[in-house]
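These notes are about the structure you will find just below.
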Amino acid sequence: MRIDKYLWAIRFYKSRNEASIACKKGHIRIDEVVAKPAREIFGGEQLMIRKNQMEFTLLVLGTPRSRVGAKLVERYAKDLTPEDIRKARSEIAINQAKNRFETGGRPSKKNRRDLMDFMESESDSTDE
């Protein structure tokens, strides 16, 4: 099975195109060698995948015939990523969520008109 199809089948990427692009960019390595999207994958190989600024390590246990459900992924791949790296990534995600600036979204017509009126009144008062 092709590496891009395998990564899509085990739900590591949402589409085969995404997996193929990651291969072309050099984010997928098989036993420390950069893999092309058409590279055949076999059981027992170790994959190193760079995704979202994090290095994942997977062990290929088998190749599925087609895309599998989330519960069946562990039959085909074993996650060997160190726990401290996974924990650091989750902490980064939590901090990013806390620091996200909440906006009210796009202003309505009324808000825009009020702002324009305010700006005009400010410019009139500074002219005097």
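Before moving on, here are some points about what is shown:
- Qualifying residue in region 73-88 (condition: assigned to a strand (DSSP E or B), closer than 22 Å to TRP8 by Cβ and in contact (Cβ under 8 Å) with a residue 24 or more places away in the chain): yes
- Filter pass, GLY26 being of a type outside the set (Val, Ile, Thr) and farther than 21 Å from SER15 by Cβ: no
- Residue that is farthest from TYR76 (Cα to Cα) [pool: residues in region 21-51 that are part of a loop (DSSP other than H, G, I, E, B) and of a type in the set (D, E, K, R)]: LYS25
- Considering region 1-24, and only residues there that are basic (Lys, Arg) and in contact with a strand residue (DSSP E or B) (Cβ under 9 Å, 6 or more places away or on another chain), the residue that is surrounded by the most Cβ atoms within 10 Å (Cβ to Cβ) turns out to be ARG2.
- Test for PRO64: is it over 19 Å from the mean Cα position of the chain (by Cα), surrounded by 10 or more Cβ atoms within 10 Å (Cβ to Cβ), at pLDDT below 90 and not in a helix (DSSP H, G or I): no
- Check on VAL33, loosely packed, with under 13 Cβ neighbours inside 10 Å, under 19 Å from ASP4 (Cβ atoms) and of a type in the set (A, V, I, L, M): yes
The values are calculated or read from the model by the stated rules, or taken from the named source; none is laboratory data. Not measured: the values here are computed from a predicted model. Note that we place each Cβ from the backbone using ideal geometry, even for glycine, and neighbour counts take in every protein chain shown.
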